[in-house]
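Input: a single structure, listed below in structure tokens.
The values are calculated or read from the model by the stated rules, or taken from the named source; none is laboratory data. Everything quoted here is computed from the prediction, not taken from an experiment. Glycine also receives a Cβ, built like all others from the backbone with ideal geometry; neighbour counts cover every protein chain displayed.
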Amino acid sequence: MSLRSWRRDPSFAGILRAKSCKTGLSLQLYVAPEERGRAGRGDYALSMKLSVDWGVLREAALAAARHAYAPYSRFAVGCAALVDDGRVITGCNVENASYGVTLCAECTMVGQLYLGGSGKLVAFDCVGMPQGGGGFEAGADPEAGADPEASAAPEASAAPDPERSLDPAGHTITPCGRCRQLLFEVAAPGLLVNTPAGVRTIEELLPEAFGPAAML
């Protein structure tokens, strides 16, 4: 039984346990004794570990920011997330003349999550920078002209230092309050979020959050 098939079967009596670390998220599904025949042998019918390639997420977030529609703020935002089935999904901000119906990058990313078959987010990265001037225009290299030593991207296989941002150039931004709520709704337990202060869990960014469990 896959994690996705279990998640879509509400009749299945299992408990998902997760443990986050710097490099990823370990997931285990504990199966009740009466359900073990459906899932397989042992207490743990499913055990998996997803490693987070933060370099890939950063590249995807920067690429998404180049598609931002931000004629009013001139501030482009892009985000990327690793889904528990291995997909990488992205989003960018889409502004509106009425301002109030502007979509944050996380909003468009969550739409992509469900268009691709749903899932839970394991790791998330978000970037933001001015368009034009000192920022970048659509299709331009955001690191052009920067000190290569100061703006070098981390190696794809390197684990992030939880006390440092992954982006020495200062493009890392933290999700706003509304978007933290959006992320909490679709987060795997212990979702890792890159912030200017380093990698944090969604529970640290939104403590005592109101979520699906509160509706039961």
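For G78, the conditions (1) touching a strand residue (DSSP E or B) at 6+ places or on another chain (Cβ under 6 Å); (2) closer than 20 Å to P189 by Cα are fulfilled apart from (2). Please determine whether any residue of region 128-142 is over 18 Å from I202 (Cβ atoms), assigned by TED's automatic domain parsing to the domain that holds I202 and modelled with pLDDT of 95 or more. Within region 128-142, one or more residues are over 18 Å from I202 (Cβ atoms), assigned by TED's automatic domain parsing to the domain that holds I202 and modelled with pLDDT of 95 or more.
Residue pairs whose Cβ atoms lie under 7 Å apart, separated by 6 or more positions or on different chains, with the first residue in region 108-120 and at positive phi and the second surrounded by 12 or more Cβ atoms within 10 Å (Cβ to Cβ) and among the β-branched types (V, I, T), are G119/V83.
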